[in-house]
Amino acid sequence: MNYYYNKTLKNITFEKAIEKVTDALKSQGFGVLSDIDVKATFKKKLDVNFRNYRILGACNPNFAHQAISKEDKIGVFLPCNVVVQELDNGDVEVAAVDPVASMMAVENQDLGDVATKVKENLQKVVEEL
């Protein structure tokens with residue numbers, strides 16, 4: 001089982017891709033709680049040059065509330081990460097976590113419906129890019 005969904009975007013700048021991903025997340029009820037600039041962090045902490053690579057921590061409050069209400073430790077899997085990275089050829093790849101795959105280790109059947117709904121919404125985000 002794959003643990004992510006991805007799509008490669010062509011003829012788009014990295015910053016425009018970030019905007020598109022953020023807008024697509026909003027259209028599915030997600031907000032971005034965190035935005036980790038891996039390139040800047042590697043430069044600052046390691047003095048290493050790295051490609052454009054951002055990790056967006058996406059959260060749909062309704063789904064998060066449902067999940068935490070059913071399993072109080074499920075927050076270790078939240079928020080749902082979406083990676084936006086510039087490839088060597090200049091294309092931009094977007095990859096979103098598959099919450100069903102990541103929650104398989106949790107032995108709580110009540111989470112299945114929530115994880116499936118989140119999965120469907122994240123798939124729509126990637127597909128509409």
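The values are calculated or read from the model by the stated rules, or taken from the named source; none is laboratory data. Here the structure is a predicted model, which is why all the values come from computation and not from measurement. Don't worry about glycine lacking a Cβ; one is built from the backbone with ideal geometry, like all the others, and counts go over all protein chains shown.
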**Asked** Of the numbered conditions (1) farther than 22 Å from PRO99 by Cα; (2) within 11 Å of the chain's Cα centre (by Cα), SER34 satisfies every one except a single condition; which is it?
**Response** (1)
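Yes/no matrix, rows are residues, columns are (1) modelled with pLDDT under 95; (2) touching a Ser or Thr at 6+ places or on another chain (Cβ under 6 Å); (3) surrounded by 15 or more Cβ atoms within 10 Å (Cβ to Cβ); (4) closer than 30 Å to GLY112 by Cα:
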| site | (1), (2), (3), (4) |
| --- | --- |
| ASN11 | no, no, no, no |
| THR22 | no, no, yes, yes |
| SER34 | no, no, no, yes |
| VAL38 | no, no, yes, no |
| PRO61 | no, no, no, yes |
| GLU71 | yes, no, yes, yes |
| VAL84 | no, no, yes, yes |
**Asked** When only residues in region 93-129 that are among the polar types (S, T, N, Q) and either without any contact (Cβ under 8 Å) to a residue 60 or more places away in the chain or assigned to a loop (DSSP other than H, G, I, E, B) (or both) count, which is nearest to LYS10 (Cα to Cα)?
**Response** THR116
**Asked** Applying the selection to region 40-92, what residues are free of Cβ contacts under 8 Å to residues at least 60 places away in the same chain, closer than 17 Å to VAL126 by Cα and assigned to a loop (DSSP other than H, G, I, E, B)?
**Response** PRO79
**Asked** Does region 44-53 contain at least one residue that is in contact with a strand residue (DSSP E or B) (Cβ under 9 Å, 6 or more places away or on another chain), more than 18 Å from LYS119 (Cα to Cα) and either at pLDDT below 95 or not hydroxyl-bearing (Ser, Thr, Tyr) (or both)?
**Response** yes
**Request:** Mind listing just one residue for me: the one in region 1-28 that is in a loop (DSSP other than H, G, I, E, B) and under 19 Å from CYS80 (Cβ atoms) and, of those, farthest from the chain's Cα centre (by Cα)?
**Result:** MET1
**Prompt:** Do we have GLU120 as under 19 Å from the mean Cα position of the chain (by Cα), of a type in the set (Asp, Glu) and exposed (fewer than 15 other Cβ atoms within 10 Å of the Cβ) here?
**Reply:** yes
**Item:** Unmet requirement for LEU33, which otherwise passes all of (1) in contact with a Leu (Cβ under 6 Å, 6 or more places away or on another chain); (2) part of a strand (DSSP E or B)
**Value:** (1)
**Hey, SER27 exposed (fewer than 14 other Cβ atoms within 10 Å of the Cβ), without any contact (Cβ under 8 Å) to a residue 60 or more places away in the chain and closer than 18 Å to LEU122 by Cβ or not** = no
